[in-house]
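The structure appears below as structure tokens.
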Amino acid sequence: MEVCEGSHCLKVELIAYSLPSEGDVDKLIAESGAISHAPHFRMLDEKRVRHLIDLLRRLGHESVFEHACFTFRVEGISRVTSHQLVRHRLASYTQQSQRYVKLKNPKFIMPESVANSEFQDEFLYILEKSSQLYRKMVENGIRKEDARFVLPQGIETKIVITMNGRELRHFFKLRCSKEAQWEIRNLAKEMLKKAYHVAPILFEDLYQEFIENEG
Ligand SMILES: Cc1cc2nc3c(=O)[nH]c(=O)nc-3n(C[C@H](O)[C@H](O)[C@H](O)COP(=O)(O)OP(=O)(O)OC[C@H]3O[C@@H](n4cnc5c(N)ncnc54)[C@H](O)[C@@H]3O)c2cc1C
């Protein structure tokens, strides 16, 4: 059994995103948006790209942001958090299956509040016990899909997520917020940093609000 404190095992990679044949994600969005007010398709310089994306954001014409897609590979989150994540419906997910994957050495997430409390030992004891029983049941013919019922929600999972720019912005607004639970918040903030790296204009306002201003 392996135990990760807080988000120490969190790993977020942006493995794919929409790139136009010329330019970058911001250009793809701005040039797609520009078609609504132009007789024909136009290439835009950086200043116009910024102006248009700002305008779309201000006017709430966010459907244009749907032209860009982002795919993330995530490891080191608990099933507590993946459960919250998949409530976001306008997205595609593929998650590691507990029916098909035998968890030889299960990994668990332990909240820092627990790690720093008098409950740490008892918490670890329960994790160890449930892992042992899981292994024993699987080795004795209980199907993985049934044996997994004994595993706690803190078990680590891996998931691939695809969202378009509009849904991703909505997700960041809800899940980077201080109202969100710490683990999904840490995940969302890592995703925001990666998305901002490839689409700095599209995500500029959220990056400033949730990453820069919060340090
Ligand atoms: C701080 C916090 C606490 C929460 N607590 C709870 C809780 O206690 N219990 C609980 O059950 N959930 C809880 N949630 C989850 C929350 O209720 C939403 O299910 C989740 O945040 C997904 O948001 P969404 O529905 O806006 O977005 P998405 O599913 O990401 O959809 C994006 C947007 O598309 C539109 N949309 C999508 N589907 C439909 C539809 N069928 N009909 C109309 N419009 C649609 C909406 O405008 C929606 O905002 C919590 C969320 C947060 C952020």
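The values are calculated or read from the model by the stated rules, or taken from the named source; none is laboratory data. Values in this document were obtained by computation on a predicted structure and should not be read as measured data. Heads up, the Cβs are rebuilt from the backbone with ideal geometry, glycines too, and the neighbour counts pull from every protein chain shown. In case anyone asks, the SASA skips ligands and DNA or RNA and just uses the protein heavy atoms, side chains included. Shrake-Rupley method; radii C 1.70, N 1.55, O 1.52, S 1.80 Å.
Nearest 10 degrees is fine. How inclined is helix 25-34 to the longest principal axis of the chain, computing both from alpha carbons? Compared with the principal axis, the helix lies near 50 degrees.
What is the Cα radius of gyration of the chain over 2.2 N^0.38 Å, N being its residue count?
Working: Rg = 20.9 Å, N = 215, 2.2 N^0.38 = 16.9 Å.
Relative to the rule-of-thumb radius for its length, the chain sits at 1.24.
The mean of 1/r over all pairs of different alpha-carbon atoms in segment 77-165, once inverted, gives a Kirkwood hydrodynamic radius of 14.4 Å.
For segment 132-215, the solvent-accessible area of protein heavy atoms averages 50 Å² per residue (probe radius 1.4 Å; ligands and nucleic acids excluded).
Using a Gaussian network model of the chain with C-alpha springs under 10 Å, which one of Ala30, Ala115, Ala68 is most mobile by mean-square fluctuation? Of Ala30, Ala115, Ala68, the most mobile in the Gaussian network model is Ala115.
For segment 46-120, report the accessible area per residue in Å² (1.4 Å probe, heavy atoms, rounded to an integer).
Details: 4470 Å² over 75 residues.
Computed with neighbouring chains in place, this is 60 Å² per residue.
Each 10 Å bin from zero holds the following percent of Cα-Cα pairs in segment 23-116: 12, 30, 20, 18, 15, 4, 0.
Go through segment 124-215 and name the GluC sites (Glu not before Pro) that are in a DSSP coil and have 10 or fewer other Cβ atoms within 10 Å of their Cβ. Those that pass, being in a loop and sparsely packed, are Glu179, Glu214. Atom-type composition of the exposed protein surface of segment 43-113 places 50 percent of the accessible area on carbon and sulfur (1.4 angstrom probe). Taking the C-alpha atoms only, the angle from helix 46-59 to the longest principal axis of the chain is near 70 degrees.
Compared with the dominant principal axis of the Cα atoms in the chain, helix 120-139 is inclined by about 80°.
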